[in-house]
Amino acid sequence: MERGTSDSITQLETSDDAVQHPEVTIAAGRVRGRWRPTGATTSGGETSSGETSSGDGPGSNTIGTRSAAFLGIPFAEAPVGELRFAAPVPKTPWDGVLDAVAFGATAQRGDQGVTLIPEPSIPGDSTLNVNVFTPVPEPAEQSAGMPVLVWIHGGGYFAGSPASPWYDGRAFNRDGVVTVSISYRLGFDGFGWISDAPSNRGVRDWMLALEWVQQNIAAFGGDPSRVTIAGQSAGGGAVLTLLGMESAQHLFHGVYALSAALADVQPDRSEEFGRMMAARAGVEPTRAGWSALSEERVLDVQKKATELGADALDSVLDDGLPLGPAVDGELILRPTPESFRVGVGADKPLVLGTADDEFTMAVTDAAAALRWVTKGGLLRRLGVPKSERKAYLRANADVVAKGKVRLAGRLLTDRVFRAGVLRVLAARGEAPTWAYRFAWPSGHFGFAEHCLDVPFFFDCLDGPSIEPLAGPTPPQALADTVHRGAVSFIVDGEPGWHRYDEAQRITRVFDTPTRDVSDAYASVRPLV
C-alpha cells in the first residue's frame, strides 16, 4: 500500500520521536513531520559561518535555524476509479497519526530525463497532496500567524513535481514565512476536454488545495489572511489565472508570477483537441471512454498529440498551449487579461516578470540551420508581421549583434513570455503591480535562461543540480536580493522597488548590479 494510506498512520511511541518529529492537528486528523536545519545563510543577515551579508528588510530578522517539514499531506482523495476525471473530493478524516516525513505521489509519471529543475516523479495513486514547511509548527491565532507562501510548480501543465528540493521552504521559514507547495493533475487528466466531465480539473485542484490552506494553515503557525500564491512558468500562469478568477478571490491576498505562461485555451480549441485525442485513442470523448484506458495509454496518446513539430510550433506561438486552463464560462469566464481589465483581482498586489532569454536554449543547436536565413526571414518564420520587423530589430540591436541564434531565442522568449508581461501591466491599469526582469547571465549558458531565477527566489544556490543551470559560482548576493524582495512582498505587500505605472514604467532588473530601469521591456513593445 502506498505512503499516505492507512499503513502509514501510526502512533508515536517514544518521547525522542516527539522531539524529532513534531505533530500538528488539522481538520482531517493528526500529522507527523520532521525537523531539519533551515540552511547556511539568512536573507540579508548572518551566515552560519558567522559572516555578515549586506541588506535589511523583513528578511533580516531570522526566526531560527531549523524548520519542520510535513510532506505529502493529502488534501483530496486519490483521483482514481470513479474519481478519475472528476472534480477533486476533499480528503476524508483519518484516525491516528499520518506519517508526513516523505513526499507523496506525484501526478508526473516516469523518468523525465535531464530537466532544468530537479523534479522527481514518485509513484502512487494519492497524487493530490501538499507539503508544508514551517519554523513554528504550533497553532496560531489569526492575528499572530506568520505570512504564507503557496507555490504552484511549472512544467507546461503536463509535467513538473512539487517534490523538487528547490521548492523546499527552508529559506522562507528562516525569514518568518510558512511555505506550502501543492500538486495538481497534469496534462489531459487535469485539463483535457471531456464531454461529460468537469472542465479545468487541474484548476479545481489548485482551488481545493488553497481551500485546504485556508482551513488548516493556522495549525502550522500561518495566517490564512496573509497568503501569497506564487509559481514559475506554467505555475506563473496558474497564479495569474487564479488572480483573474472571481471564484478564487477569497483564497489568497497577493500574487508573485515568475515567467508566467498563460494558457487561456479557447473553448472551441479545447474541445477540438479533446475530440482529436479521443479519436487517436480510439474511444468516445466521454468519461466512460477515457476511463477504459490505462494511465500509460493516455500519456502515450498525449505525448504524440503534443509533439512540437513545425506546424505545432506555429499553433503554440499563435494560439498558446492546447492543454492548460481553458475559458470554460464556469470557472474561467474570459481570457485572464480581459478579467484584469474589468477589475478582477485589482485589490491584490502582483509582482511579475521573466528571465531575459527564456527559450534561447531551445535554439542553440540551430546555428547551422540559421546560417542562410535572413533576419527578416527569421522574424517572418516566427510570426512577426512585416510592418513590425524593422522596429523589432531596431529595439533589439544589442541582441541582433550577438547573432541569429540569440535573436531567435529572444524572439521566442518575447512571444511566449515577455509580451505577456506588457499585456498584463496594461490590463491591470492602476492596480498595485510591480515588474521585474531577471537579466543575470548564467555562468553556464551565458544568458538568463528559463528557470534560472527559481533558485535565486528560493535562496537555494547550495542545492542540488544548480551548476548545470547557473554555472559553478552563481552570486549569493543576487540571491539575497531576489529572495529578500520576495520576503518583503509576502510580509508587507511591497517588494522594495517602485510600483509600475505608465508614467515612469519603473522595472527592477535583477543583475550584478541590480538596478531600477524605466521601461525595461521597451524592446518587446513592437510585438504588443
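The values are calculated or read from the model by the stated rules, or taken from the named source; none is laboratory data. Note that this is a predicted model, so its numbers are computed, not measured. We place every Cβ from the backbone using ideal geometry, glycine too, and count neighbours over all the protein chains shown.
Listed conditions (1) touching a residue at least 60 places away in the same chain (Cβ under 8 Å); (2) of a type outside the set (F, W, Y); (3) on the phi < 0 side of the Ramachandran plot; (4) assigned to a loop (DSSP other than H, G, I, E, B) are all met by G155, apart from (3). Look at the stretch 510-528: where a residue is free of Cβ contacts under 8 Å to residues at least 60 places away in the same chain and polar (S, T, N, Q) and a partner is surrounded by 14 or more Cβ atoms within 10 Å (Cβ to Cβ) and part of a helix (DSSP H, G or I), sitting 6+ places away or on another chain with Cβ atoms under 6 Å, you get T514/T481. Sub-8 Å Cβ pairs linking a first residue in the stretch 90-111 that is over 22 Å from D168 (Cα atoms) to a second residue that is among the aromatic types (F, W, Y) and buried (at least 23 other Cβ atoms within 10 Å of the Cβ), at least 6 apart or interchain, are P90/F75; P90/W212; K91/F75, ordered by first then second residue. What do you reckon, is R505 of a type outside the set (V, I, T) and in contact with a helix residue (DSSP H, G or I) (Cβ under 9 Å, 6 or more places away or on another chain)? Yes, satisfied.
When the residues of the stretch 297-313 are filtered to those that are surrounded by 13 or more Cβ atoms within 10 Å (Cβ to Cβ) and within 25 Å of R381 (Cα to Cα), the one that is modelled with the highest pLDDT is A305. Quick check on T360: is it under 30 Å from the mean Cα position of the chain (by Cα), among the hydroxyl-bearing types (S, T, Y), crowded, with 21+ Cβ neighbours inside 10 Å and at pLDDT 95 or above? In short, no.
Taking the condition over 19 Å from the mean Cα position of the chain (by Cα), hydroxyl-bearing (S, T, Y) and surrounded by 18 or more Cβ atoms within 10 Å (Cβ to Cβ), does T413 pass?
On the way: over 19 Å from the mean Cα position of the chain (by Cα): no; hydroxyl-bearing (S, T, Y): yes; surrounded by 18 or more Cβ atoms within 10 Å (Cβ to Cβ): yes.
Criteria not met by T413.
Scanning the stretch 507-528 for residues that are among the aliphatic types (A, V, I, L, M) and either at pLDDT 95 or above or out of contact with any Phe, Trp or Tyr (no Cβ under 8 Å at 6 or more places or on another chain) (or both) gives V509, V517, A520, A522, V524, V528.
Checking the conditions here, which among A426, A435, A408, A431 is at pLDDT 95 or above and assigned to a helix (DSSP H, G or I)? First the steps, then the outcome.
Values: A435 fails: assigned to a helix (DSSP H, G or I); A408 fails: at pLDDT 95 or above; A431 fails: assigned to a helix (DSSP H, G or I).
That would be A426, the only listed residue that is at pLDDT 95 or above and assigned to a helix (DSSP H, G or I).
A quick yes/no check of all residues on (1) closer than 24 Å to E246 by Cβ; (2) of a type in the set (A, V, I, L, M):
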| residue | (1), (2) |
| --- | --- |
| F133 | no, no |
| G145 | no, no |
| S164 | no, no |
| Y167 | no, no |
| A171 | no, yes |
| S181 | no, no |
| W193 | yes, no |
| P198 | yes, no |
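Pick from L240, L251: which is buried (at least 24 other Cβ atoms within 10 Å of the Cβ) and among the aliphatic types (A, V, I, L, M)?
L240
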